[in-house]
Amino acid sequence: MKNMRFLLLAACCMLLVLDAVAQKNKRPDSYNYQRGYEAFQDSEFDVALEYFDKELKDNAKNGYAHALTAVIHYYNDDYGRALNEVDKALKYLPKKDNEYQNMAYVTKAAVHLVLEDTTQAISTMNEGIKNYPKETPLYEKRAQILYELNRYDESDADYRKLIELSPGETIGYMGLGRNANAREQWNDAIKQFDYVTKLSSGYASGYSFRAEAYAGLKKWDEATDDIVSALKCEYDQKAVYLATTLDEPAFTTLVSKCKVQAVKTPNDAMWPTLIGFMYESKKQYDKAIEAYNTANSKDVDEAIYFRIAHCYFDMGNSQQALNNINLALNMDSTDVDNLAFKAEILNEMHDYNGAIRQMDKVLADVPEYAAGYYQRACFKKYAGDTIAAMEDLNMAVVLDPKTSWYYYTRGEIYRNQGKKDLAEADYRKVIELETKPEDFESLPYAYLGLGENDKAIAVVDTIIARDSTNSAVYYNAACVYSRMGDQPLAIAFLRKSLELGNRHFGHISRDSDLDNIRGTEEFKNLIREFEDKGDAAGETAFGMRDNMAPLVVSEIPFTKEDGVCKVKCNINGLPLAFVFDTGASEVTMSMVEATFMVKNGYLSDSDIIGSQRYMDANGNVNVGTVINLKKVEFGDLSLTNVRASVVRNQKAPLLLGQSVLGRLGKIEIDNQRLMLKITHPQE
């Protein structure tokens, strides 16, 4: 049902265009409506709402104001008001204004879907189609709803109507193909997608959905070809998902094809990034890191540092994970995902106070983040502050009362405090929430807490049967058997977890669930065995090995001109000067500089990548040609393959932005000495 939000957004964006050209409908031109409409266009919804409220006080029958007000209330999760406003919109909007009528019906259906009233949602779309039987958006939206309800035959009928009304559009054929995929009617699906790719050869989804059908038929060569074709069109999420879920022989085939594309487009970071995703999905972390580093050498991205950090973390190398998440945070110090993961890394390193401080930042920015309170509660519990941990767990339960782990963890604290009744109430809440085998997670622990060991064992067996290749499953089994006092089985399941790649020795060293086996020789020998196997990971069970390159500080002089810092540099051997700007996202240069470099051999045709939109420090978006700078040198530092955007303004300075700064390390500005101090690993 979440797709309805995107469908509604698409409808509204279309209206922003239609409003500018469809004057035949004589849409309102009053001051308050126009100002509200302009604010709506700029996504300033609070401002828009103020103007629309004023408009409706003067003209309560302005259906356009009611329609847009309904959309705003919908996005503000104020569904009662959204319904009231959309009903008024449908009453007062001119019947001949199909576009706004369509949007009103879609809005009303979307609200009913959020309220889990699918019957009323479909009824709303039926009414819209009855009144406007030739309007394709209404059939498209109803078909989507029916698809999400698994009513494929009815959805097919709407897509066929779309084809009848608009035979040159791809959406009807895509819908029929997608429905056939859902039924696993792979050959029928392929026929539809074949036609889509003929209608629109540059439409990525036609290839990625056809790849799914070919994969269903185990035609791996065709499937991998289509994944590549989709990604050559654009960064297609479905293609990426398929790439990361393929097993052999398709996995090796696709990696090879992606490597070919990487050679053909040496300045494109997408292909090594995808290769990194694929290797990471198969837990081949060394290869994933190598691919990610290749991607970052072409176009540095904080998201890639985040993925590298995850790889090192899953390898058991917390120090390298920390270094890379810090590089991500150098590029965006406020990103909550980076902050939360840094907290998890510090927790693994037993730096509980540091982990708590990171989560403090996350929760200050996202105070409704239930999982964040749970994380911080765990850190506080490890730090010995169970009172503060309980406060966070209570917050997590209030914000998300359907997550069983919150109750189990709180129940454990109650149990340790001797509050048996409260503990048992939380354990029983876990049982109430986890009723289906696919939901089983904390259930065996809840049964243990209630003394029902046989049920705990049965659930463990079910979980293992459900997901027999997941190291976490066997680790949890080890914890359950350890708590029951069955040391041989606990050791056996822990071994299986380690064999499947579990390298979180920091957690293993302190997990109270393993207290019954931690002192045994079998446990100690097992940990030593897998530490020796994972020497490159850099971590031991009870400490860290420092296998990192030492950090060094480079000092680079700069000058100040008109309030900006300028740094001497060499670009592909050409002496120039950068403006050092921590507020800019990209490296940019003027047309004059770029033209000079091309004419004098400092740039070649192969260095021209394409065009993109970029944002400067003031938030202005411009369009420029994207080029690859093979070598950028300043001070004693050298970077290869730096992307830059050519600005059409001939007087624009050469600007050094975050796409370079993020690759350097920690940067400090010494204004007294006019020096940049950059801390980075020694080569």
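Each reported figure results from applying straightforward, stated rules to the coordinates on display, with no laboratory input. Keep in mind it's a predicted model, so treat the numbers as computed, not measured. Glycine gets a Cβ as well: all are built from the backbone with ideal geometry, and neighbour counts include every protein chain shown.
Going by amide H atoms built from the backbone, whose H comes under 5 Å of the H on L629, apart from near neighbours?
V642, R643, A644
Can you put T245, T273 in order, fewest other beta carbons within 10 Å first?
The order, fewest Cβ neighbours first, is T245, T273.
For the chain, calculate the relative contact order in percent as a whole number, restricting contacts to Cα pairs under 8 Å that are 6 or more residues apart.
Worked out over the chain, it gives 7 percent.
Report, for the chain, the % of DSSP beta bridges that are antiparallel, rounded to 5.
Antiparallel bridges: around 90 percent, rounded to the nearest 5.
Using helices alone, what [θ] at 222 nm do you get for the chain, with -39,500 (n - 2.57) per DSSP H run of 4 or more residues, divided over all residues and rounded to the nearest 500?
Theoretical 222 nm ellipticity from helices: -19500 deg cm²/dmol.
Would you mind ranking Y100, Y241, Y382 so that the residue whose beta carbon has the fewest other beta carbons within 10 Å leads the list?
Y241, Y382, Y100
Below 8 Å between Cα atoms, with a sequence gap of 6+, how large is the relative contact order for the range 316-421 in percent?
The normalised contact order for the range 316-421 reaches 17 percent.
Average projected area of the Cα convex hull of the chain, in nm²?
With the hull built on Cα positions only, its mean projection is 35.7 nm².
Whole Å is fine, so just give me how far the alpha carbon centre of the range 562-579 lies from that of the range 68-88.
The two parts, judged by their Cα centres, are 53 Å apart.
Using Cα pairs closer than 8 Å and at least 6 residues apart in sequence, work out the relative contact order for the range 3-167, in percent.
Once divided by the residue count of the range 3-167, the mean separation gives 15 percent.
Please tell me which of these pairs span more than 27 angstrom C-alpha to C-alpha: K402/K455; K361/K560; K95/K161?
K361/K560
List, in order, the whole-Hz ³J(HN,Hα) value for each residue of the range 173-183 obtained from phi through the Karplus relation with A = 6.51, B = -1.76, C = 1.60 and θ = phi - 60°; use x for Gly and Pro.
5, 4, x, 4, x, 5, 5, 5, 4, 4, 8
Test of understanding: express the Cα radius of gyration of the range 299-369 as a ratio to 2.2 N^0.38 Å, with N the residue count.
1.03
Listing I325, I413, I308 from the residue with the fewest other Cβ atoms within 10 Å to the one with the most, what is the order?
I413, I308, I325
Send over the Kirkwood Rh of the range 3-167, from the inverse of the averaged 1/r over different Cα pairs, rounded to one decimal Å.
16.0
Mind checking which lysines have their C-alpha under 18 Å from K496, skipping anything on the same chain fewer than 8 residues away?
By straight Cα distance, K496 reaches K282, K283, K524, K533.
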